[in-house]
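The values are calculated or read from the model by the stated rules, or taken from the named source; none is laboratory data. On a predicted model such as this, the values are computed, not experimentally measured, just so you know. Every residue, glycine as well, gets a Cβ built from its backbone with ideal geometry; the counts of neighbours run over all protein chains shown. The area values use the complete protein model at the heavy-atom level, side chains included, leaving out ligands, DNA and RNA. Shrake-Rupley method; radii C 1.70, N 1.55, O 1.52, S 1.80 Å.
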Amino acid sequence: MQNLQSLLQSHPPAKPTPQPTSAPPLITGYTLQVPILMYHYIGNNPNPADKARYALSVTPDKFGEQMKYIKENGYQTISLDTLYSYLSLKKPLPSKMIILTFDDGYIDFYYNAFPILQQYGFSATEFIITGFVGKSAYLTWDQIRKMESSHLIDFEAHTIDHPFLPTLPAASVEKELKESKQTLEKELGVPVNFLAYPYGATNHFVEQEVHQAGFMGAVGTWYGKTQALSIIYDMPRIRVSNSFDMQTFAGLL
Ligand SMILES: [Zn+2]
């Protein structure tokens, strides 16, 4: 068990390996097979001794190869809104649909990932920690607005301060959820419908608060690619690591 305080105080936020504290959420009802890939940094690791950052980084070259692979193999990107619509309507999706997500709003997304996404015409979702926007290593509002206007990138909420929500007082949970949503909506002028849990951490209470705050769904970090409305407040994702070769990457999809 990693020390929670050290995780909360680290900046940029370090991610613990998700601990299987409980059984995966129960999947019932209509399902669709849609891998939601999870990235953090797209950059060359500036400090190899920084193991947390290394684990969360994919180099721009490797990311470019992965995007080339999905393009050449006939995959298409969709948004979380589209997935939600198909699940609600119980409509089938063509095979080879994929969702690309990026957590934390690091500035390297603008310089390293966005040009590659534009090159292939791929859409993606970036989860923004609203209190960190404009800080060193994080995107600025100008960069976020510029990418938003491309209509390729959806910006969704990742709280204000990246706290571990399950142990936060109820009033703080409410504030973290509502204010991050409102800030993004005010800055971008578009609805913000989805949330990513910091550290993938949630529980029944937090999920109820996410619903109350007006979110349509939320993503976690537990592994899986089966999506359903029964798990819309804790959708599974597939973590992409820099250590994956192309064969491993292809096997995830
Ligand atoms: Zn995060």
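Being within 16 Å of the ligand (Cβ to nearest atom), touching a residue at least 60 places away in the same chain (Cβ under 8 Å) and of a type in the set (S, T, N, Q) is a property that THR101 has.
Looking across the range 192-229, the residues that are hydroxyl-bearing (Ser, Thr, Tyr), touching a Phe, Trp or Tyr at 6+ places or on another chain (Cβ under 9 Å) and more than 15 Å from ILE129 (Cα to Cα) come down to THR202, THR221.
The residue list ILE153, ILE231 contains one member that is among the hydrophobic types (A, V, I, L, M, F, W, C), in contact (Cβ under 8 Å) with a residue 60 or more places away in the chain and either more than 16 Å from the ligand (Cβ to nearest atom) or touching a strand residue (DSSP E or B) at 6+ places or on another chain (Cβ under 6 Å) (or both), which is ILE231.
Conditions (1) within 16 Å of the ligand (Cβ to nearest atom); (2) free of Cβ contacts under 8 Å to residues at least 60 places away in the same chain; (3) touching a helix residue (DSSP H, G or I) at 6+ places or on another chain (Cβ under 8 Å), marked per residue:
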| position | (1), (2), (3) |
| --- | --- |
| HIS40 | yes, no, no |
| ASN47 | no, yes, yes |
| LYS51 | no, yes, no |
| GLU65 | no, no, yes |
| TYR69 | no, no, yes |
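For GLY217, the criteria (1) within 16 Å of the ligand (Cβ to nearest atom); (2) under 19 Å from PRO25 (Cα atoms); (3) touching a residue at least 40 places away in the same chain (Cβ under 8 Å) hold in every case but one, which is (1).
Residues in the range 83-142 that are open to solvent by 20 Å² or more (accessible area, probe 1.4 Å), among the small types (Gly, Ala, Ser) and part of a loop (DSSP other than H, G, I, E, B): SER95, GLY121, SER123, GLY134, SER136, ALA137.
Okay, residues lined up against (1) modelled with pLDDT of 95 or more; (2) among the hydroxyl-bearing types (Ser, Thr, Tyr):
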| site | (1), (2) |
| --- | --- |
| TYR39 | yes, yes |
| SER57 | no, yes |
| GLY64 | yes, no |
| LYS68 | yes, no |
| GLN76 | yes, no |
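Filtering the range 34-49 to residues that are open to solvent by less than 60 Å² (accessible area, probe 1.4 Å) and either among the hydrophobic types (A, V, I, L, M, F, W, C) or part of a loop (DSSP other than H, G, I, E, B) (or both) leaves VAL34, PRO35, ILE36, LEU37, MET38, HIS40, ILE42, GLY43, ASN45.
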